[in-house]
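All remarks here apply to the structure that follows.
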Amino acid sequence: MIRLQKFLANAGVASRRGAEKIIAEGRVSVNDQIIREMGVQIDENYDVVKLDGEIIKHAEKKVYIMLNKPVGFITTVSDDKGRPTVMELVSDISSRIYPVGRLDYDTEGLLLLTNDGDLTFRITHPKHDIAKTYVAEVTGDVSMDTIIQLRRGVMLDGQKTSPAEVEVVGATQYGTKIEITIHEGRNRQVRRMFEALGCVVKKLKRTKEAGLTLGHLPVGKWRKLSESEVNMLKKIEAVSSSKSKSVISQGRKSVKPFSRNTNRKNTPKRGR
Ligand code: URA
C-alpha cells in the first residue's frame, strides 16, 4: 500500500506537493471515485488511479543487477530452442528484468540486467562508446605484431574495428592471456578479431563494462549494483552529450607505439 500523493509523485505526474494540489482540486480518482482528501492509501497492483480521466501507470521500482554469466547460458529472456537462459540464474528477482546487451553462449562474465529501459538504451547505443573489457585466453604465443594490429583495428565484414586497448597479462595452459578493451559491440567481436589474425580464443570472459568491474563475484552468482554504481551509469547520457570521456568510456587511449620491453615476441607480462 502506498499514499496516493506518493504514488502520483513516483509516477512522475507531479512533485509530492504538486500531487497534493491536484488531489485537492478533485482531479484524481481511485477506482472511478474522486478523492479530495490527503492520506488515502492505495494498492498499486489493484487500484486504478486516474488523473483528469487518464489512467496513471505505477512506476515500477528500478532494479539493477550484475551477474557473472557462466558459459552455456544465452542472454535472452526466453529461448525457443529450450537452451538455458540467464533468467534462470536470477529467478529470485521479482521485477521483470532483462539482459543489457549480449554475451555469447560460450562467453563468461559481467552481464547487467535491469528493468530500466532508458539505461539499457544508453548503454547499448553505439554512439555512447561504452568501454567493455575482456580477458581472452588464446592458444599459443601471440606476437607483438598481433597485439599492435588488435590495437589499431582489424577488418571485420569490410569495416575496421575501432582502436582497442590490448595487453598481454599472463600465460595459461592454452597459451596466452590477453586483456582487450573495445568500444563497440559487434557480433562476436573479440573472438572474430583474434580469428582474423589467426589466433584461436579458448576462453573469453568480460571483466568490465561501463566503468563497472566484475571483481570477485563467483560464476553464476549475481548482486545488486550499489547506489554509487547506479549513479555512475546514470551519468552516461551527460558524459556522451558533452563529448567528454570518463571512467565509463575509460578514456580511450590513442594507439601508442609499442615500447622496447613490450616489443618482444612471446613474453607474457604477469600480474598486471
Ligand atoms: N566478443 C565476443 O566475441 N563474444 C562476446 O560474448 C562478447 C564480445
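Please list, ordered by first then second residue, the pairs with beta carbon atoms under 6 Å, 6 or more apart or interchain, first in the range 183-212 and modelled with pLDDT of 95 or more, second within 11 Å of the ligand (Cβ to nearest atom) and of a type in the set (Lys, Arg).
These pairs meet every condition: VAL201/ARG191; GLU209/LYS132.
Listed residues ARG102, ARG96, ARG83, ARG36; which is surrounded by 14 or more Cβ atoms within 10 Å (Cβ to Cβ), basic (Lys, Arg) and outside any strand (DSSP E or B)?
ARG102
Please list, ordered by first then second residue, the pairs with beta carbon atoms under 9 Å, 6 or more apart or interchain, first in the range 58-70 and closer than 21 Å to LYS234 by Cα and in a strand (DSSP E or B), second modelled with pLDDT of 95 or more and among the acidic types (Asp, Glu).
Here the result reads TYR64/GLU229; MET66/GLU209; MET66/GLU229, each pair linking the range 58-70 to a residue that is modelled with pLDDT of 95 or more and among the acidic types (Asp, Glu).
Where the second residue is surrounded by 11 or more Cβ atoms within 10 Å (Cβ to Cβ) and part of a helix (DSSP H, G or I) and the first is in contact (Cβ under 8 Å) with a residue 40 or more places away in the chain and of a type in the set (Asp, Glu) and lies in the range 19-44, which pairs have Cβ atoms under 9 Å and are six or more apart or on separate chains?
GLU44/PHE7; GLU44/ASN10
Would you mind telling me which numbered condition in (1) exposed (fewer than 14 other Cβ atoms within 10 Å of the Cβ); (2) within 30 Å of GLU60 (Cα to Cα) ILE74 fails?
(1)
Please determine whether any residue of the range 219-227 is in the same structural domain as ALA131 (by TED's automatic domain parsing), hydroxyl-bearing (Ser, Thr, Tyr), surrounded by fewer than 19 Cβ atoms within 10 Å (Cβ to Cβ) and without any contact (Cβ under 8 Å) to a residue 12 or more places away in the chain.
Checking the range 219-227: at least one residue is in the same structural domain as ALA131 (by TED's automatic domain parsing), hydroxyl-bearing (Ser, Thr, Tyr), surrounded by fewer than 19 Cβ atoms within 10 Å (Cβ to Cβ) and without any contact (Cβ under 8 Å) to a residue 12 or more places away in the chain.
Just to be sure, is GLY26 in contact with a strand residue (DSSP E or B) (Cβ under 9 Å, 6 or more places away or on another chain), among the small types (Gly, Ala, Ser) and surrounded by fewer than 13 Cβ atoms within 10 Å (Cβ to Cβ)? Write out each step before concluding.
Details: in contact with a strand residue (DSSP E or B) (Cβ under 9 Å, 6 or more places away or on another chain): yes; among the small types (Gly, Ala, Ser): yes; surrounded by fewer than 13 Cβ atoms within 10 Å (Cβ to Cβ): yes.
Taking the combined requirement at face value, the residue satisfies it.
What number goes with the only condition from (1) touching a strand residue (DSSP E or B) at 6+ places or on another chain (Cβ under 7 Å); (2) within 14 Å of the ligand (Cβ to nearest atom); (3) of a type in the set (A, V, I, L, M, F, W, C) that VAL169 does not pass?
(2)
The values are calculated or read from the model by the stated rules, or taken from the named source; none is laboratory data. Remember, it's a predicted structure, so these values are computed and weren't measured experimentally. FYI the Cβ positions are ideal-geometry reconstructions off the backbone, even for glycines, and counts take in every protein chain you see.
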